[in-house]
Amino acid sequence: MRNSFFPAIGVLSLASALICSASSSWETDWNKALEKAGKGGHPVLADFTGSDWCPGCIHLRKNIFDTDAFAKYAADHQFVLLELDFPRLPGKCRRNS
């Protein structure tokens, strides 16, 4: 049984997303993620987030994405992880916090 979670966000600013830099396991560049996935034939898991204002996004991060179980699942399924963050405050990116 599969559960899907799509946090609804408003597109605030593409510039805000470009300010963020991800940790080594999460890509923040759409084209790089697709290129990486294409080279290896791997699926892309995209997280569209408002990491400093969206309650659902914050919950998803804390209870799913930041867990060892998710890291193992993502590695086992060879996901290319893509985060597109749209924070309200400049410099407030989830991967930097």
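The values are calculated or read from the model by the stated rules, or taken from the named source; none is laboratory data. Just so we're clear, the structure is a prediction, and the values are computed from it rather than from any experiment. When we count neighbours, we look across all protein chains shown, and the Cβ atoms used for this are built from the backbone with ideal geometry, even at glycine. Accessible surface areas use protein heavy atoms only, side chains included; no ligands, DNA or RNA. Shrake-Rupley method; radii C 1.70, N 1.55, O 1.52, S 1.80 Å.
For this structure, a couple of remarks:
- Here the condition is being open to solvent by 70 Å² or more (accessible area, probe 1.4 Å) and either modelled with pLDDT of 95 or more or of a type in the set (D, E, K, R) (or both); of H59, H42, it holds for H59 alone.
- Region 65-81, residues that are surrounded by 14 or more Cβ atoms within 10 Å (Cβ to Cβ), aliphatic (A, V, I, L, M) and part of a helix (DSSP H, G or I): A74
- Some residue of region 10-19 being in contact with a Leu (Cβ under 7 Å, 6 or more places away or on another chain), modelled with pLDDT of 50 or more and among the aliphatic types (A, V, I, L, M): no
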